[in-house]
1. What's the ranking of 97-103, 256-262 by average number of surrounding C-beta atoms within 10 Å, highest first?
2. What is the packing order of peptides 271-282, 320-331, taking the mean over residues of other C-beta atoms within 10 Å and listing the highest first?
3. Express in whole angstrom the spacing between the alpha-carbon centres of segment 259-279 and segment 186-204.
4. Using Cα atoms only, what is the angle between the long axis of helix 70-98 and the major principal axis of the chain, expressed in degrees (0 to 90) to the nearest 10?
5. Å³ per residue of the Cα convex hull, for segment 233-319?
6. Give me the number: length gained by fully extending residue 165 to residue 324, i.e. 0.36 nm times residue separation minus the C-alpha to C-alpha distance, one decimal in nm.
7. Calculate, for segment 167-231, the solvent-accessible area per residue in square angstrom, rolling a 1.4 angstrom probe over the heavy atoms of the protein chains.
8. Quick check: pseudo-label points 7 Å beyond the Cα along Cα→Cβ at residue 34 and residue 240, how many nm apart are they?
Amino acid sequence: MAELDLLRFVAALAVVAFHYLVAYASVWGDRPAELFPALAPIAGLGILGVELFFIISGFVILMTVWGRGLGGFARSRLVRLYPAYWLSLASVAALYGLTGAKALDPKLSPGDYLLNATMFQRLFKITDASGVYWSLWAELRFYLLIAILVIVGVTYGRVLIFSGLWLAAAFGAGLTDNGLIKEIVMPDYAPYFIAGMALYLIHKHGNAWLPWLYVAAAYALSLPSALDRVHRRVDAAGFKNMPVTDTSVIITITLVFALMALVALGVLRLKPSKTLTALGGITYPLYLFHGVVAVALIPALTGHLPPWATATTTVLAAILLSYLVHSFAERPIQRLLKPRRPPQTTSAPVVQVEKASVP
C-alpha cells in the first residue's frame, strides 16, 4: 500500500524534525528551539510521529498475520526488525567506542550492548543504546500479544474479541498502579495498535459499526495518553524549549486518526511507485540511524555553517545513509534470512486438465 509507505516516511521525518530542531540540546551545544524559533512549535509535534507508527503497525501487522501461522509470523518479524537494528546498534557502539563523541552517550558496558542486541534490554532495566529504541520495546510487546491471536487463529470475530478485551484491559490498567499489568497491557500505547487493527478490519471487511466503535474508543483514550507524553517533555525541558500546546497535540492526533481512516476506507489511495517504495524502505533505517548521524555531523558543522544549513545537511545525510543501509545491508541480509521456497512442479497431464477446464 503506497499510501502507508508515504505515511511511514512522514512519521519518521517527523521524529527526525523533533530530535534535530527541538530535543537534541547536547548535540547542538545549545537549545535547538532557540536556534529554530519559527519551526520549533511544529517540529515539537514530531514527537507524535511514533503514535502514527503504532497505528500503522496495528494495521499492517494484522494484515500480515491473516492466514499465517505462528512460525511464519515470528520469522517475518525477526527478519524485518533485527538486521537494521543490529547495524544501528553496532554504529552506536562504534561511535562512542572509537571517537570522542559525548552527546547522547548511553555510557554502556560491552555486556549492556550485548543485551541491547536482544532488544529486550528494558526487561532487565538496562539503558537503551539509542533513545529511539524505547518504541521497539512497545512493538515487541505488541507482537507477543498478537502471537496469542495467531495461536488461536485470526478471524474477523476473534480479532474483535481480542481487540475489545485489550481495549478494556488498557482502560482498566490506566486506572491502577500495578506496574506489571501496565507493562503487559501498555495503556499508553494500546489505543494506537488497537485503532490500527480495527481500521484494517474496516479496510478488509467493509464499513461495519463495531470496528468504528473501537476506533472511536481508541481515539478517546489516545488523547490523554498523547497529552501526558508531551506534558512530560514540556515539564522536563520547559515550554520555551518545547513550545507545544495542548490544542496542537489534539489537532495532530485527530489528523493522524483521520488520515488512517481515509486509508482504511480507500479514499486516500496512491499509485504504487518506485519512489514511494523506496521511501517506505528507508523509513526504519532512518528512524534507527538519524541519532548517530546527528551526533557525528552537527557538532562538526556547527560554527562552520548556519544552523539551518547544518540541520538540512544532517537530514540529507541521514536519508542518504538510510538508503545505503537499506539497499546494501538490510535487504541483502533479509534475503539471506528468508526461507527459500521449494520449486513447484506440476505434471503435464494436470496442466492439460486445468487448461481444458477453462471456459
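1. 256-262, 97-103
2. 320-331, 271-282
3. Segment 259-279 and segment 186-204 have Cα centres spaced 18 Å from each other.
4. 20
5. Dividing the Cα hull volume of segment 233-319 by its residue count gives 153 Å³.
6. 53.0 nm
7. That works out to 44 Å² per residue.
8. Each label point is offset 7 Å from its Cα along the Cβ direction, giving 0.7 nm.
The values are calculated or read from the model by the stated rules, or taken from the named source; none is laboratory data. Keep in mind that what you see is a predicted model, and the values were worked out from it rather than measured. Quick reminder, even Gly has a Cβ in these numbers, built from the backbone with ideal geometry, and neighbours come from all protein chains shown. SASA here: full protein model, heavy atoms, side chains in, ligands and nucleic acids out. Shrake-Rupley method; radii C 1.70, N 1.55, O 1.52, S 1.80 Å.
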